[in-house]
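> Following this message is one structure expressed as structure tokens.
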Amino acid sequence: MDEDAIAGEIVDAAMKVHTKLGAGLLEGAYQACLMHELGKRDLSVKQQVPLPVYYDDIKLDIGYRIDLLVNDAIVVELKSVERLLPLHSAQLLSYLRLGQYHLGLLLNFNTVHMREGIKRVVNGYYARTSPTAQIS
């Protein structure tokens with residue numbers, strides 16, 4: 001399954017979880033349900049994946065964690081906040097760069113309609129097609 005197809009499955013699963021649970025719960029509840037939903041779709045899902053920082057060729061385990069890593073390719077950052085801020089997108093982009101991943105999804109479950117809480121973030125440095133990252 002290619003990256004776009006996997007991302008589509010993640011978004012579809014997130015919408016299903018949001019429809020069943022609604023808004024207003026803690027991030028952990030959405031994470032557990034989304035993991036279950038993605039597992040039912042035969043996707044490989046890891047949670048709270050450690051993300052070290054490399055500085056001056058030294059590996060530093062600072063405590064960063066990827067909420068979900070799907071098929072060892074797509075980083076999923078979950079939120080349950082009033083609204084997504086540019087800082088949330090910057091955080092996900094930093095995770096993509098640190099882990100050398102290409103695609104990430106920022107999912108905010110604290111919205112009336114889930115489609116309003118989805119941001120796709122692409123690490124342009126990884127793709128080597130553009131010197132900048134794209135956020136949509």
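> Where q = 0.15 Å⁻¹, what log10 of I(q)/I(0) comes from the Debye formula for the chain, counting one point per Cα?
The Debye formula, applied to the Cα set alone, gives -0.70.
> Continuing with the same structure: Just flag the trypsin sites (Lys or Arg not before Pro) in the stretch 12-60 sitting in loop per DSSP whose Cβ has no more than 16 other Cβ atoms within 10 Å.
Loop-located and lightly packed - Arg41.
> Which of the chymotrypsin sites (Phe, Trp or Tyr not before Pro) found in the stretch 1-102 are in a DSSP loop and have at most 16 neighbouring Cβ atoms, other than their own, within 10 Å?
Tyr64
> Please identify every one of the trypsin sites (Lys or Arg not before Pro) in the stretch 70-119 that sits in a loop by DSSP and has no more than 16 other beta carbons within 10 Å of its own beta carbon. Spell out each step's value before the answer.
Working: sites: Lys79, Arg83, Arg97, Arg115, Lys119; in loops: Arg83.
Passing both the DSSP loop test and the Cβ count: Arg83.
> While we're here: Under 24 Å Cα-Cα from Lys119, which lysines qualify once same-chain neighbours fewer than 8 residues away are excluded?
Cα-Cα hits under 24 Å: Lys16, Lys20, Lys40, Lys46, Lys79.
> Another question, then. Percent antiparallel among DSSP beta bridges with both residues in the chain, to the nearest 5?
The antiparallel proportion sits near 75 percent.
Quick note: the coordinates plus some simple rules give every number you see, no bench work behind them. None of the values given here were measured: they were computed from a predicted structure. So basically every Cβ, Gly included, is an ideal-geometry build from the backbone, and we count neighbours across all protein chains shown.
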